[in-house]
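**Student:** Okay, here's the structure, questions in a sec.
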Amino acid sequence: MGKALDGVRILDFTHVQSGPTCTQLLAWFGADVIKVEKAGTGDITREQLRDIPDADSLYFTMLNHNKRSVTIDTKNPEGKQVLETLIKSCDVLVENFAPGALDRMGFSWERIQELNPRMIVASVKGFGPGPYEDCKVYENVAQCAGGAASTTGFDDGPPVVSGAQIGDSGTGLHLALGIVTALYQRTMTGRGQKVLAAMQDGVLNLCRVKLRDQQRLERTGVMKEYPQYPNGTFGEAVPRAGNASGGGQPGWILKCKGWEADPNAYIYFITQAPVWAKICNVIGKEEWATDPDYATATARLPRLKEIFAEIERWTMTKTKFEAMDILNKYDIPCGPILSMKEIAEDQSLRKTGTIVEVDHPVRGKYLTVGNPIKLSDSPTDVTRSPLLGEHTDEVLAEIGYSPEQIDLLRTAGAI
Ligand code: COA
């Protein structure tokens, strides 16, 4: 069976996490992704957080599956010529260098258009145009500047960043969508275009509901589903809401049996209005189903702390999985707090290809997250990340270089 992006060739200038996430997705959809790296070192993540001496780190291997690697010195004049040939033969150039680095290499948008007017040039930057456009940015900077940190954590503590890499991997996802959209538009216009995904914008897009709440707060002064209501105070900006649900159905994280010893013996419990009577039955508070102080969603809002404390008295008598089994029978929305150990061992995630075991010639077998997006006509086969420069000769031969020319380029230090 063919792949959705068969025939699309990507010149991949990405490094670290945000850009590699994007090009890995495109590779999983069938694009030929040629990763250009510095000879000798390559993508800095190859050696970051190493767990096995001299083997590419999990940081690198888990973000660069299904790609080919070529080493080219982009500052060497002959290396630049090789890049020009590659630009002419590729459809998309993806980069996440610090602002200005691509221009300094001599590959401005105008130059790339001269070489290949069909080329799509896609970039991740920390910020869009404005006062911070020249800044270098990493994940947590984006989480802070995009509104995630100020709205995460508990009200009596400092801002908190999330373990989910919404700045890097989140922006990589946004960029991938921009690229396939530009490829689609190119089928009609014949022209390439620039695609920009700024990390601050990507994080803010994922924090959309908090900008919603900012405007609600300005209009009404309180937000009744927040834990600050009714006894705490609201300031001028959206406060941190602890584990309150972001939507209209109140939820909280509750202890389960074994919580004293297991840091993840918790469940997320949602008091969804349509199943309120069932919740009352399950926890043994049948009278709450008809008591006017508890029977309606509005009446419950000022009593959420007391309600969740009562539900917790019930969840503490069950393990998180026992509680799940019981609550699911009654269609009560809930979810176990799963540790990474539990996820790594989850057989259903292995069956769907969301968790995959991959073999690597230097590090041996390791686990990775496969393609979370499943296409019925374009299945994903996860293959290992390339060794540094593994495909330099192969790719150069494909774009017309003879073995003698390749030897000369190597002697000149261009590759
Ligand atoms: N051959 C020769 N030189 C190369 C090269 C190659 N194959 N590939 C890259 N380089 C050079 C670049 O030209 C640049 O040189 P210059 O500064 O002299 O112009 C240099 O390597 C390093 O690029 P830079 O992007 O500045 O790396 P950095 O390690 O200093 O910064 C980031 C890293 C992530 C902070 C920065 O790239 C950035 O802000 N990127 C945009 C936002 C982003 O994606 N952040 C998330 C990362 S997960």
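Since every read-out is calculated from the coordinates, none of them should be taken as a lab result. Keep in mind the model is a prediction, meaning the values are calculated, not measured. Glycine also receives a Cβ, built like all others from the backbone with ideal geometry; neighbour counts cover every protein chain displayed.
**Student:** Give me, ordered by chain and number, the residues 5 or more places off Gly192 or on other chains with an amide H under 5 Å from its own placed amide H.
**Tutor:** Long-range HN contacts for Gly192: Arg118, Met119.
**Student:** Next up: By counting other Cβ atoms within 10 Å of each Cβ, how are Val275, Val36 ranked from fewest to most? Each step should come with its number before you reach the end.
**Tutor:** Details: Val275 18, Val36 24.
So the ranking, lowest neighbour count to highest, is Val275, Val36.
**Student:** At 0.36 nm per residue, and after removing the present C-alpha to C-alpha distance, how many nm does the segment from Arg191 to Val209 gain when stretched out fully?
**Tutor:** That pair, Arg191 and Val209, stretches by 2.9 nm at full extension.
**Student:** Here is a follow-up. Please count, across segment 32-113, the pairs of lysine residues with Cα atoms under 13 Å apart that sit 8 or more places apart or on different chains.
**Tutor:** Lysine pairs, 8 or more places apart or on different chains, close enough: 4.
**Student:** With an 8 Å Cα cut-off and a minimum separation of 6 or more residues, compute the relative contact order for segment 328-396 in percent. Before the final figure, lay out each step's value.
**Tutor:** Values: 41 pairs, mean separation 13.6, N = 69.
It rounds to 20 percent for segment 328-396.
**Student:** Against the longest alpha carbon principal axis of the chain, how many degrees, from 0 to 90 and to the nearest 10, is the axis of helix 304-315 turned?
**Tutor:** 80
**Student:** While we're here: Relative to the longest principal Cα axis of the chain, at what angle does helix 18-28 sit, 0 to 90 degrees, rounded to 10?
**Tutor:** 80
**Student:** I would also like to ask the following. For segment 251-332, what relative contact order do you get, as a whole percent, if you take Cα pairs closer than 8 Å and at least 6 residues apart?
**Tutor:** Relative contact order here is 39 percent.
**Student:** Quick one: what are the phi-derived ³J(HN,Hα) couplings along segment 217-232, Karplus 6.51/-1.76/1.60 with θ = phi - 60°, whole Hz, x for glycine and proline?
**Tutor:** 4, 4, 7, 10, x, 9, 10, 6, 8, 7, x, 5, 8, x, 9, x
**Student:** How far apart, in nm, are the 7 Å Cα→Cβ label points at Ser108 and Leu177?
**Tutor:** So the label points at Ser108 and Leu177 sit 3.2 nm apart.
**Student:** Sort Met1, Met62 by Cβ crowding within 10 Å, fewest neighbours at the top.
**Tutor:** Arranged by neighbour count, lowest to highest, Met1, Met62 become Met1, Met62.
**Student:** Most fluctuating residue of Gln347, Gln214, Gln272 in a GNM of the chain with Cα springs under 10 Å: which is it?
**Tutor:** Gln347
**Student:** Fewest first, what order do Val121, Val33 take by the number of other Cβ atoms within 10 Å?
**Tutor:** Val121, Val33
**Student:** Moving on. Show me the ranking of peptides 258-270, 351-363 by mean Cβ neighbours inside 10 Å, starting with the highest.
**Tutor:** On the way: 258-270: 16.2, 351-363: 14.0.
Answer by packing, highest mean first, reads 258-270, 351-363.
**Student:** A further question on this structure: Mind checking the full-extension length gain between Thr317 and Asn264? Use 0.36 nm per residue of separation minus the Cα-Cα distance, one decimal, nm.
**Tutor:** Gain on extension, Thr317 to Asn264, equals 17.6 nm.
**Student:** Output ³J(HN,Hα) for segment 316-331: one whole-Hz value per residue in order, computed from phi by the Karplus curve 6.51 cos²θ - 1.76 cosθ + 1.60 with θ = phi - 60°, and x for Gly and Pro.
**Tutor:** Residue by residue, segment 316-331 yields 5, 8, 10, 6, 4, 7, 5, 4, 4, 4, 5, 5, 5, 4, 9, 6 Hz.
**Student:** What translational diffusion coefficient, to the nearest whole µm²/s, does segment 226-365 have by Stokes-Einstein, given a Kirkwood radius computed over alpha-carbon pairs, a temperature of 4 °C and 1.567 mPa s viscosity?
**Tutor:** Values: Rh = 17.1 Å.
The calculation lands on 76 µm²/s.
**Student:** Asp325 to Ala299: extension gain in nm, 0.36 nm per residue of separation minus the Cα-Cα distance?
**Tutor:** Full extension from Asp325 to Ala299 adds 6.5 nm.
**Student:** List, in order, the whole-Hz ³J(HN,Hα) value for each residue of segment 396-408 obtained from phi through the Karplus relation with A = 6.51, B = -1.76, C = 1.60 and θ = phi - 60°; use x for Gly and Pro.
**Tutor:** 3J(HN,Hα) across segment 396-408, in whole Hz: 5, 4, 5, 9, x, 7, 7, x, 5, 5, 5, 4, 5.
**Student:** Quick one: among Gln165, Gln113, Gln185, which has the greatest mean-square fluctuation in a GNM of the chain with alpha-carbon springs under 10 angstrom?
**Tutor:** Highest fluctuation of the listed residues: Gln185.
**Student:** Helix 168-189 versus the longest principal axis of the chain: what angle, 0 to 90°, nearest 10, using Cα atoms?
**Tutor:** Taking Cα atoms only, the helix is inclined about 60 degrees.
**Student:** What is the distance, in nm, between label points placed 7 Å from the Cα along the Cα-to-Cβ direction at Thr383 and at Arg50?
**Tutor:** 2.6
**Student:** Can you give the helix-only mean residue ellipticity at 222 nm for the chain, where every DSSP H stretch with n ≥ 4 adds -39500 (n - 2.57) and the sum goes over all residues, rounded to the nearest 500 deg cm²/dmol?
**Tutor:** For the chain, the value works out to -10000 deg cm²/dmol.
**Student:** If you restrict to DSSP beta bridges whose two residues both lie in the chain, what percentage is antiparallel, to the nearest 5?
**Tutor:** 40
**Student:** Moving to a separate point now. Once you have the alpha carbon radius of gyration of the chain, what is it after dividing by 2.2 N^0.38 Å, with N set to its residue count?
**Tutor:** 1.18
**Student:** Compute the semi-axes of the equivalent ellipsoid of segment 289-415, taking the square root of 5 times each eigenvalue of the Cα gyration tensor, and list them largest first in whole Å.
**Tutor:** That gives 57, 17, 15 Å for the three semi-axes.
**Student:** Using a 10 Å cut-off on Cβ atoms, rank the peptides 143-149, 308-314, 340-346, 90-96 from the highest mean neighbour count down.
**Tutor:** Packing proxy ranking, top to bottom: 90-96, 143-149, 308-314, 340-346.
**Student:** Sticking with this one: Pick from Arg384, Arg186, Arg46 the residue whose mean-square fluctuation is largest in a GNM of the chain, springs joining Cα atoms under 10 Å.
**Tutor:** Arg186
**Student:** Another one. At a threshold of 8 angstrom on Cα-Cα distance, excluding pairs fewer than six apart, so keeping six or more, what relative contact order does the chain reach in percent?
**Tutor:** Numbers: 721 pairs, mean separation 78.8, N = 415.
Relative CO of the chain lands at 19 percent.
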